[in-house]
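> Right, I'll just put the structure down here and ask away after.
The values are calculated or read from the model by the stated rules, or taken from the named source; none is laboratory data. Just so we're clear, the structure is a prediction, and the values are computed from it rather than from any experiment. Every residue, glycine as well, gets a Cβ built from its backbone with ideal geometry; the counts of neighbours run over all protein chains shown.
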């Protein structure tokens, strides 16, 4: 097996100066985006989902694959109108079931690839199990995405000697290359369920789990650029990182005080990143990163800022992208009547308390 090793230093990226940040204050959804399409997911006992973690759309049929990684622990299929088509599989130990906790999945052509914390599996789009590999002795995976017909996986812990932080698999589930190095604090890692990988314009965007750093690679692992935002509360963070007994309280303290990007979403030629921070103040910001163009910062309203839910259209999560549109998960039934009057495409969807969420495909206009 030929493996490609490229080691890079996370600490080389210089912080972005405040003068290079273009700041805009947003007041609401209509200032930031336009609704393109609404998909009301059918609600039946079989199709009921909890929190939607990830959504992928089949480019050919427009079938919608909805991942609920924690409640039903399954991936469900709906047609383009939201009619339930069946479940791909569920977590379990039986034939064709997902072994381990689902972390992410990717649709490539006629196949769907599912990553759990123990296995990487391949299914047909009809849900027929095809193949899997066991990752337990190799890595502790974090997330996965697809680019150029290959799968890119970033990891928290690698148990096999010589593996980098990012692994590349082909569609036969063969490891074909590895690149990247681990942040020095890898023995006290922070786990996140937010997407730390995004693909756009043939570039792989990777966010660091320990600090506000984004690295941009091509498919071979060549580093094309980095963004590092100045860290808030550095003295507090340094003291927390220096704690000898590193436990959940320490992790909680770090997460509350650091820049924290909840999600990476491809947009234009770069990515949107959503920051949520509890300290020193409650902070909601959107950032747009693009190589060669600096950073745009959007304060006030953003698509995940739930404090606006009683008056503005917001989402519980942005779960994916279809073509040039982002997929927002809308589940605020108590505000539905207000939002449906303001946005005509929502009329007729009738979101009730026990219904599945509505998927809103929207195009940012930032």
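> Filter segment 202-254 for residues that are closer than 24 Å to residue 272 by Cα and loosely packed, with under 15 Cβ neighbours inside 10 Å; which is modelled with the lowest pLDDT? Before the answer, list the steps.
Residues of segment 202-254 closer than 24 Å to residue 272 by Cα: 202-233, 254.
Checking the rest, the ones that are also loosely packed, with under 15 Cβ neighbours inside 10 Å come to 202, 218, 220, 222, 224, 230.
Working: 202: 92, 218: 90, 220: 87, 222: 90, 224: 90, 230: 72.
Among those residues, the one meeting the criterion is 230.
> Count, please, the residues in segment 164-200 that happen to be part of a loop (DSSP other than H, G, I, E, B) and either under 17 Å from residue 117 (Cα atoms) or modelled with pLDDT of 90 or more (or both). Walk me through it before giving the result.
Narrowing segment 164-200 to residues part of a loop (DSSP other than H, G, I, E, B): 164-165, 170-174, 180-185, 189-196.
Subset that is either under 17 Å from residue 117 (Cα atoms) or modelled with pLDDT of 90 or more (or both): 165, 170-174, 189-196.
Looking only at that region, the number is 14.
> Considering only residues that are touching a helix residue (DSSP H, G or I) at 6+ places or on another chain (Cβ under 7 Å) and under 26 Å from residue 22 (Cβ atoms), look in segment 315-366 and name the one that is modelled with the lowest pLDDT.
366
> For segment 125-146, enumerate the residues that are more than 23 Å from residue 321 (Cβ to Cβ) and in a strand (DSSP E or B).
129, 130, 131, 132, 133, 134, 139, 140
> Return yes when residue 49 is buried (at least 16 other Cβ atoms within 10 Å of the Cβ) and modelled with pLDDT of 95 or more and no when it is not. Spell out the reasoning first.
Working: buried (at least 16 other Cβ atoms within 10 Å of the Cβ): yes; modelled with pLDDT of 95 or more: no.
No: the conditions fail for residue 49.
So that you can scan it fast, the table gives a plain yes or no per residue for (1) in contact with a helix residue (DSSP H, G or I) (Cβ under 8 Å, 6 or more places away or on another chain); (2) at pLDDT below 90; (3) in a loop (DSSP other than H, G, I, E, B); (4) buried (at least 21 other Cβ atoms within 10 Å of the Cβ):
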residue: 45; (1), (2), (3), (4): no, no, yes, no
residue: 61; (1), (2), (3), (4): no, no, yes, no
residue: 66; (1), (2), (3), (4): no, no, no, yes
residue: 71; (1), (2), (3), (4): no, yes, yes, no
residue: 80; (1), (2), (3), (4): no, no, yes, no
residue: 96; (1), (2), (3), (4): no, yes, yes, no
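> Of all residues in segment 323-343, which are closer than 20 Å to residue 30 by Cα and touching a strand residue (DSSP E or B) at 6+ places or on another chain (Cβ under 9 Å)?
324, 325, 326, 327, 328, 329, 330, 331, 336, 339, 343
> Search segment 160-181 for residues that are more than 22 Å from residue 108 (Cα to Cα) and pair each with any residue that is at pLDDT below 75 and assigned to a strand (DSSP E or B) when their beta-carbon atoms are under 8 Å apart and the residues are at least 6 apart or on different chains.
Listed pairs, sorted by first residue: 164/158; 165/158.
> Quickly run through segment 316-344 and pick out the residues that are outside any loop (DSSP other than H, G, I, E, B), in contact (Cβ under 8 Å) with a residue 12 or more places away in the chain and more than 25 Å from residue 50 (Cβ to Cβ).
Matches in segment 316-344: 342 only.
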